[in-house]
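All remarks here apply to the structure that follows.
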Amino acid sequence: MSTVEAPLYPIAVLIDELKNDDIQLRLNSIRRLSTIARALGEDRTRSELIPFLSENNDDDDEVLLAMAEELGVFVPYVGGVEHAHVLLTPLETLCTVEETCVRDKAVESLCKIGSQMRENDLIERFTPLVKRLAAGEWFTARVSACGLFHIAYPSAPETLKTELRSIYGQLCQDDMPMVRRSAASNLWKFAGTVESAHLKADIMQMFEDLTQDDQDTVRLLAVEGCAALGKLLEPQDCAARILPVIVNFSQDKSWRVRYMVANQLYELCEALGPEPIRTDLLPAYVRLLRDNEAEVRIAAAGKVTKFCQILSPELAIQHILPCVKELSLDSSQHVRAALASVVMGMAPVLGKDATIEQLLPIFLSLLKDEFPDVRLNIISKLDQVNQVIGIDLLSQSLLPAIVELAEDRHWRVRLAIIEYIPLLANQLGVGFFDDKLGGLCMQWLQDKVYSIRDAAAKNLKHLAEEFGPDWAMQHIIPQVLEIANDSHYLHRMTLLRAISLLGPVMGSEITCSKLLPVVVNASKDRVPNIKFNVAKVLQSLISVVDQSVVEKTIRPCLVELSEDPDVDVRYFAVQGLQSIDQVTMSS
Amino acid sequence: MLKQILSKLPRKSSKSADNREHGGHHNAYYSNVSGGGSRSSDFGTGKSGNLSVSSFAVSNSTADVGWKSADLKQNGNHMLSSYEAMPAFKDVPTSERQNLFVKKLNLCCMIFDFTDPTKNLKEKEIKRQTLLELVEYVTSANGKFSDVVLQEIVKMVSANLFRSFNPQPRENKVIEGVDLEEEEPSMDPAWPHLQIVYEFLLRFIASPETDAKLAKRYVDQPFILKLLDLFDSEDPREREYLKTILHRIYGKFMVHRPFIRKAINNIFFRFIFETEKHNGIAELLEILGSIINGFALPLKEEHKVFLVRALIPLHKPKCLAMYHQQLSYCITQFVEKDCKLADTVIRGLLKYWPITNSSKEVMFLNELEEVLEATQPPEFQRCMMPLFRQIARCMNSLHFQVAERALFLWNNDHIENLIIQNRKVILPIIFPALEKNARNHWNQAVHSLTLNVRKIFNDLDPELFKECLLKFQEDESKEDEAEAKRENTWKRLEELAEKKAFHSEATVGTSESMANGSSG
């Protein structure tokens, strides 16, 4: 500015900015905290900036959230790991505010910093902070404390470890359900750092208490972590301590609990040996597959393949397959959809005979399901299907399903099937494709929804890549170019889109002889939108064709467009001309 | 209630013996009827003849009763065996009535599946009738309810009411996702039974024969917690009953009062800080409104903490509209009881003031007016600066309802007086907002309201007005300069930071400074 540079006091700048009435300005300054810190230097950052921030905690939650996040990466600015502990004070305050997002972020930042701190600092600075929060008067502090134990614990000496475990135990029995919920959802993290003997005694006791809590919400979170906890235990301990709880929960009155079990069961299996799976978990799982509540069946059905993979084929055929049959006829479409998305994975587990005999009928009935998502989920796993039963058996059932989905009234369904067309083409081969699906691919180009037309154009590109330019020249290009005479300008736009995508795949020669003339012709369209899209397509074709063609055909066309009465057409034409110049200059 | 007295016609079914073990001992009364015959056709099975509506007592020892196993899906393996009505109370000697009452309570512990309306029609009707008899009995009871009776009552109520709500069907969420706002509340299909059970519980709690000292052993903390869980019901009829019942419990069971308040707090905390989803906040606040109304003066510290920690943060969730009326009532109750709380409340509102949600902002302004109405000058002065910065922002809102609502504050005599007394502080804060509106607010009403307010100040204190105008013009001319200065300051800070970084690296050591030098 004009005035002579006045001396600059970084802290004063910050203080001033944080006083501003406009929250966006305050937010901007907090986002630039690191600039201030670097301008101050490490010493003054520690002695001036951090103490100021520790006291400036009365701002909007939005600003506090940004501060909590910035402080998490502040270690380099305070002078590295040996000084990291100065950051604990402002973050400790942020751990106690009301807003959940701010607290969570502060805990996250504390964990980041704590995991870099030196052992001694952890014992002398970090652990006392955890203890203070755990003894906090308001629940917010205690909720935050639960997420910090796993950082403090590993480096603590024996007596301190005992104390930390006992404090966590108290948090599990806190008066406020908010705190117990936090303790429940963080238990597995803490458990991962605790020695095996204490794990079996103290932690498992906490787990059992939490699973018997008065409040449903607490029990639910305890179940959620049980698989992670189970993996920390020896299989026999897991079978003795966790299994009974889960089997019990799988029959809980609340569907939410059963739902959670259905989600966790498979993970838990990984922590158990085969015997308890057969005797306890399998029956529990079968019950969940037949649960009254559709949500539970959805969760269970989604795990059916994973579960079969850890069972012997005999058990899978004997116990799971009958349920799968029932689920394929379930009254809830969402259950059938969940099943359809995984059921084909069972084929390799069951082996060819059982697959053809038992799984195939299920598969075919799902492929004819009245609910489009179900069919779609099957088709999306087509490669797996093909491996097991071969395409011949499949194609006669497949085609009607595809045709129907291609015309579904929900455009998202149509979109999904278009996206699977390249996969289908790959699996089914050229012959099948030409006969049955070629027409559909053209039809989509004239869909009334933009996303479908766009996806259809992309699809043509993928097909051209899959089957090669010769095939495309014969089966795609002529039909596509016909659209140039369509009376609807949106269809003509789609043609331009398709050309810009196909050009690079088809190569210079075909582009020049077949595609470019159509584009040049379109530059005389009466609709300005077409004309500026012509300019865009020409720009994209510069790199495809030879320099001579650019000069002879593309440039004159763009020059003409650059004098168009429409401002947008002129804009894109000029853009195109500029990129020609750039290419010429660089070459 | 059952008018027909019917002939005794015990029947025997072909069901297996292990069914009997389940149901046999409940089944002291039978004697049946083909009176239900007209309905039995709904069943369409040969078994329907076994169902009986009875009004005749037979001695306990009879084992030879009609059996029916119903395919209840409830928790897998409940067998519905021999579900038969019992005689009316008036048809048994007075001495027998209490026993009969307990037995009827037991009968009503059976839960039916209402998701299939064609299932167990007969049994459902029997239970409905029995529940109605229970309501009548409780209402007309004389003589305190005994320990055993209390226990059985709570058992029956718990068995019926305490259930986990079904998830919302996914169809509602996914396909019809667009008009979630106009969504019909989902009605519990089991309501024909639930309603009577609620009615029964209400009459029981309200009955002078229910002695709180005895009953508190069964109407205990876990019972209350479960009752509170039900407030999340989607069915407004259910929440209405719960509200009345919980209120009665609060009134009658003095020992439970602190616990109930604490438990409600916990629901609020979870709602505010974790889920933002709960159907019964309005009902809970309605109860609290009447509780707060009864608080003695001076207010206890505990209650003030409740105001600050729970009620004020309740302004945060986005679904505030669902319970704002009740919340606003609670808040104003506090301020009316103790006007010293006004600035705490106002600062709280400012903390949670909506940034992008205009309809919520209008609610805040409505509430603000009610609070200000009860605010005295000392508290007003304590918070007027941040308050009027916010009001100035509202006046400039592009949403005309927000701007209009903010300007309406001047229509309130009490508030206008407070403003006028403190105009030296307030006018400089809101002047730029007034000026901007007067120049170019798009809405005609906002425009003319602004001119009115401006006129009030100008007529009252022309000198101050002129001063503010000059200051505003000066600031305005410097606006660009201030912006440029800010940018320059940050640029210089950035340069300073670079320089420092370079120096410190230079001192650290050559290899490191070489490595970082290029990036710095």
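The table for this structure:
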| read-out | value |
| --- | --- |
| Residue within segment A:4-24 that is basic (Lys, Arg), within 27 Å of residue A:133 (Cβ to Cβ) and more than 9 Å from chain B (Cβ to nearest Cβ) present | no |
| Residue list for segment A:489-499, restricted to those being in contact with a Leu (Cβ under 8 Å, 6 or more places away or on another chain) and surrounded by 21 or more Cβ atoms within 10 Å (Cβ to Cβ) | A:494, A:495, A:498, A:499 |
| Residue within segment A:564-578 that is hydroxyl-bearing (Ser, Thr, Tyr) and under 18 Å from residue A:520 (Cβ atoms) present | no |
| Subset of segment A:83-104 (residues that are part of a helix (DSSP H, G or I), within 14 Å of another protein chain (Cβ to nearest Cβ) and surrounded by fewer than 23 Cβ atoms within 10 Å (Cβ to Cβ)) | A:83, A:100, A:101, A:104 |
| Residue, farthest from the other protein chains (Cβ to nearest Cβ), within segment A:261-312, restricted to residues that are closer than 17 Å to residue A:323 by Cα and outside any helix (DSSP H, G or I) | A:312 |
| Unique residue being in contact (Cβ under 8 Å) with a residue 24 or more places away in the chain and within 28 Å of residue A:43 (Cα to Cα) when the list is A:127, A:140 | A:127 |
| Residue list for segment B:275-302, filter: hydrophobic (A, V, I, L, M, F, W, C) and in a helix (DSSP H, G or I) | B:281, B:282, B:284, B:285, B:287, B:288, B:291, B:292 |
| Candidate set from segment A:49-58 (those that are surrounded by 15 or more Cβ atoms within 10 Å (Cβ to Cβ) and at pLDDT below 85); member that is farthest from the other protein chains (Cβ to nearest Cβ) | A:56 |
| Qualifying residue in segment B:317-325 (condition: touching a Leu at 6+ places or on another chain (Cβ under 9 Å), of a type in the set (Phe, Trp, Tyr), outside any helix (DSSP H, G or I) and crowded, with 20+ Cβ neighbours inside 10 Å) | yes |
| Residue A:554 out of contact with any His (no Cβ under 8 Å at 6 or more places or on another chain) and touching a residue at least 40 places away in the same chain (Cβ under 8 Å) | no |
| Looking only at segment A:401-451, and only at residues there that are part of a helix (DSSP H, G or I), under 29 Å from the mean Cα position of the chain (by Cα) and among the charged types (D, E, K, R), the one that is farthest from residue A:369 (Cα to Cα) | A:419 |
| Test for residue A:132: is it at pLDDT 90 or above, away from chain B (no Cβ under 14 Å) and in contact with an Asp or Glu (Cβ under 6 Å, 6 or more places away or on another chain) | no |
| Number of the condition not met by residue A:46 [criteria: (1) more than 14 Å from chain B (Cβ to nearest Cβ); (2) under 18 Å from residue B:500 (Cβ atoms); (3) surrounded by fewer than 21 Cβ atoms within 10 Å (Cβ to Cβ); (4) touching a residue at least 40 places away in the same chain (Cβ under 8 Å)] | (1) |
| Filtered residues of segment B:114-152 (kept if in contact with a strand residue (DSSP E or B) (Cβ under 9 Å, 6 or more places away or on another chain) and part of a loop (DSSP other than H, G, I, E, B)) | B:119, B:120 |
| Within segment B:303-316, tally of residues that are among the basic types (Lys, Arg), within 13 Å of chain A (Cβ to nearest Cβ) and in a helix (DSSP H, G or I) | 1 |
| Verdict on residue A:162 being of a type outside the set (A, V, I, L, M), away from chain B (no Cβ under 14 Å), more than 28 Å from the chain's Cα centre (by Cα) and in a helix (DSSP H, G or I) | yes |
| Candidates B:418, B:434, B:387 - the one that is over 19 Å from residue B:346 (Cα atoms) and touching a Phe, Trp or Tyr at 6+ places or on another chain (Cβ under 9 Å) | B:434 |
| Residue identified as surrounded by 19 or more Cβ atoms within 10 Å (Cβ to Cβ), more than 23 Å from residue A:499 (Cα to Cα) and among the aliphatic types (A, V, I, L, M) among A:445, A:463, A:405, A:399 | A:405 |
| Evaluation of residue A:381 against (1) within 24 Å of residue A:354 (Cα to Cα); (2) of a type in the set (Lys, Arg); (3) modelled with pLDDT of 80 or more (one fails), failing number | (3) |
| Options A:31, A:38: the member that is under 21 Å from residue A:89 (Cα atoms), basic (Lys, Arg), surrounded by fewer than 16 Cβ atoms within 10 Å (Cβ to Cβ) and in contact (Cβ under 8 Å) with a residue 24 or more places away in the chain | A:31 |
| Single residue of A:257, A:245 found to be within 14 Å of another protein chain (Cβ to nearest Cβ) and part of a helix (DSSP H, G or I) | A:257 |
| Tally of residues being touching a helix residue (DSSP H, G or I) at 6+ places or on another chain (Cβ under 8 Å), under 26 Å from residue A:310 (Cβ atoms) and part of a helix (DSSP H, G or I) across segment A:342-372 | 19 |
| Whichever residue in segment A:127-165 is buried (at least 18 other Cβ atoms within 10 Å of the Cβ) and among the aromatic types (Phe, Trp, Tyr) and, among such residues, is nearest to residue A:190 (Cα to Cα) | A:149 |
| Check on residue B:442, assigned to a loop (DSSP other than H, G, I, E, B) and out of contact with any Lys or Arg (no Cβ under 9 Å at 6 or more places or on another chain) | yes |
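Let's see how each residue does on (1) among the polar types (S, T, N, Q); (2) surrounded by fewer than 20 Cβ atoms within 10 Å (Cβ to Cβ); (3) farther than 19 Å from residue B:166 by Cβ:
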residue	(1), (2), (3)
A:244	no, yes, yes
A:261	no, no, no
A:264	yes, no, yes
A:275	no, yes, yes
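Okay, residues lined up against (1) farther than 23 Å from residue A:180 by Cα; (2) out of contact with any helix residue (DSSP H, G or I) (no Cβ under 9 Å at 6 or more places or on another chain); (3) of a type in the set (A, V, I, L, M); (4) surrounded by fewer than 18 Cβ atoms within 10 Å (Cβ to Cβ):
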site: B:198; (1), (2), (3), (4): yes, no, no, no
site: B:206; (1), (2), (3), (4): yes, no, yes, yes
site: B:211; (1), (2), (3), (4): yes, no, no, yes
site: B:229; (1), (2), (3), (4): no, no, no, no
site: B:255; (1), (2), (3), (4): yes, no, yes, yes
site: B:258; (1), (2), (3), (4): no, no, no, yes
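The values are calculated or read from the model by the stated rules, or taken from the named source; none is laboratory data. Since the structure is predicted, the reported quantities are computational estimates derived from the model, not experimental observations. Counting neighbours? That spans all protein chains shown, and the Cβs are built from the backbone with ideal geometry, glycine included.
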